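The values are calculated or read from the model by the stated rules, or taken from the named source; none is laboratory data. No experiment lies behind these values; they were computed from the predicted model shown. In this analysis, Cβ positions are derived from the backbone assuming ideal geometry, glycine residues included, and neighbour counts consider all displayed protein chains. When the accessible area is computed, the model is the full protein with side chains, heavy atoms only, and any ligands, DNA or RNA have been set aside. Shrake-Rupley method; radii C 1.70, N 1.55, O 1.52, S 1.80 Å.
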Amino acid sequence: EAEVAQSPRYKITEKSQAVAFWCDPISGHATLYWYRQILGQGPELLVQFQDESVVDDSQLPKDRFSAERLKGVDSTLKIQPAELGDSAMYLCASSLHPAGELFFGEGSRLTVL
Amino acid sequence: AQTVTQSQPEMSVQEAETVTLSCTYDTSENNYYLFWYKQPPSRQMILVIRQEAYKQQNATENRFSVNFQKAAKSFSLKISDSQLGDTAMYFCASRWGSGNTPLVFGKGTRLSVIA
């Protein structure tokens, strides 16, 4: 069964360091999402891609976060510099089209010390 | 602002019993979709059930059913014959408008099924 792949599963870093997360959506899924889930809360959208284009990045802290999906397939989310408040689970999800069912990866758990 | 509220941070239920998780939402949209997602410990989030706002009939998926009260803006999830594998975080979520909008999640309810 096709799944959304994410790496790394776990990342521990010190504040002010750079960190990157990678997501490979289900093959053929045009829409890709990055969500941030702080412990004890629901996921919050960071960025939405349609193919290689950003559809919504209104909640992405652009001074330190960046996201790209250059070829419209896999995607990278980068944080530089990391801050203590960035500790969270970073979830990637994909869907066949914008109104389609979302399929989530297992997430990348970030701990910033 | 369009919001989704889950007022039960934690719940527990005996195996084989029935449990209902609550969710309310606030929107001015007429067209929207409502969802319940399950997030098992250390596993990915999966869709449990969805409801289109224009449909009056409550959605059902095997042991999972919803009670959709549009006027009250309420969307509760009922799990019948609870199983140990139902232990998870459950998130209520909504997608407002035509569908090209992101999911907005509630804070979740942690459900524990007790043997």
When both residues are 6+ apart or on different chains and their Cβ atoms are under 7 Å apart, which pairs have a first residue that lies in the range A:54-80 and is of a type in the set (D, E, K, R) and modelled with pLDDT of 95 or more, and a second that is open to solvent by less than 80 Å² (accessible area, probe 1.4 Å) and assigned to a loop (DSSP other than H, G, I, E, B)? A:Arg64/A:Pro81; A:Lys78/A:Ala18
If I go through the range A:72-107 residue by residue, how many of them are under 16 Å from A:Ala5 (Cβ atoms) and either open to solvent by 20 Å² or more (accessible area, probe 1.4 Å) or of a type in the set (Val, Ile, Thr) (or both)? 6
Residue under question is A:Gln50, and the condition is that it be surrounded by fewer than 20 Cβ atoms within 10 Å (Cβ to Cβ) and within 9 Å of chain B (Cβ to nearest Cβ); does it hold? yes
For the range A:79-100, which positions are part of a loop (DSSP other than H, G, I, E, B) and either under 30 Å from B:Tyr32 (Cα atoms) or of a type in the set (Gly, Ala, Ser) (or both)? A:Ala82, A:Ser87, A:Leu96, A:His97, A:Pro98, A:Ala99, A:Gly100
Enumerate the pairs (first residue in the range B:81-92 and farther than 15 Å from B:Pro9 by Cβ; second residue anywhere and part of a loop (DSSP other than H, G, I, E, B) and among the basic types (Lys, Arg)) with beta-carbon separation below 6 Å, excluding pairs fewer than 6 apart on the same chain, so at least 6 apart or on different chains. B:Asp81/B:Arg63
Is it fair to say B:Asp26 is open to solvent by 20 Å² or more (accessible area, probe 1.4 Å), away from chain A (no Cβ under 12 Å) and out of contact with any His (no Cβ under 7 Å at 6 or more places or on another chain)? yes
Out of all the residues in the range A:1-14, which are open to solvent by less than 50 Å² (accessible area, probe 1.4 Å) and either facing chain B (nearest Cβ under 10 Å) or over 20 Å from A:Phe65 (Cα atoms) (or both)? A:Val4, A:Ala5, A:Gln6
Residue, nearest to A:Ser16 (Cα to Cα), within the range A:55-71, restricted to residues that are in contact with a strand residue (DSSP E or B) (Cβ under 9 Å, 6 or more places away or on another chain), open to solvent by 60 Å² or more (accessible area, probe 1.4 Å) and more than 14 Å from every other protein chain (Cβ to nearest Cβ): A:Glu68
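Can you find, within the range B:1-23, the residue that is surrounded by the fewest Cβ atoms within 10 Å (Cβ to Cβ) among those that are outside any loop (DSSP other than H, G, I, E, B) and away from chain A (no Cβ under 13 Å)? Steps first, please.
Step one: list which residues in the range B:1-23 are outside any loop (DSSP other than H, G, I, E, B), which gives B:3-5, B:10-14, B:19-21.
Imposing the further condition that a residue be away from chain A (no Cβ under 13 Å) reduces the set to B:11-14, B:19-21.
On the way: B:Met11: 15, B:Ser12: 13, B:Val13: 18, B:Gln14: 11, B:Val19: 20, B:Thr20: 15, B:Leu21: 23.
If we take residues in the range B:1-23 being outside any loop (DSSP other than H, G, I, E, B) and away from chain A (no Cβ under 13 Å), then B:Gln14 is surrounded by the fewest Cβ atoms within 10 Å (Cβ to Cβ).
Residue by residue through the range B:60-94, note down the ones that are more than 14 Å from chain A (Cβ to nearest Cβ), open to solvent by less than 50 Å² (accessible area, probe 1.4 Å), under 15 Å from B:Arg50 (Cβ atoms) and hydroxyl-bearing (Ser, Thr, Tyr). Before you say what the answer is, go through the steps one by one.
To start, the set of residues in the range B:60-94 that are more than 14 Å from chain A (Cβ to nearest Cβ) comprises B:60, B:62-87.
Keeping just the survivors that are open to solvent by less than 50 Å² (accessible area, probe 1.4 Å) gives B:64-66, B:68, B:74-77, B:79-80, B:82, B:86-87.
Those left that are additionally under 15 Å from B:Arg50 (Cβ atoms): B:64-66, B:68, B:75-77.
Listed by number, the residues that qualify are B:Ser65, B:Ser76.
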If you check B:Gly108, B:Gly97, which single one turns out to be surrounded by fewer than 16 Cβ atoms within 10 Å (Cβ to Cβ), within 14 Å of chain A (Cβ to nearest Cβ) and on the phi > 0 side of the Ramachandran plot? B:Gly97
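Say we look at the range A:15-47 and pick out the residues that are outside any strand (DSSP E or B) and within 11 Å of chain B (Cβ to nearest Cβ); which of these is farthest from the chain's Cα centre (by Cα)? Let's see the steps before the verdict.
Keep residues of the range A:15-47 that are outside any strand (DSSP E or B), which gives A:15-18, A:25-30, A:38-43.
Now drop any that are not within 11 Å of chain B (Cβ to nearest Cβ), which leaves A:38-43.
Values: A:Ile38: 13, A:Leu39: 16, A:Gly40: 18, A:Gln41: 16, A:Gly42: 15, A:Pro43: 11 Å.
Filtering first and then ranking leaves A:Gly40.
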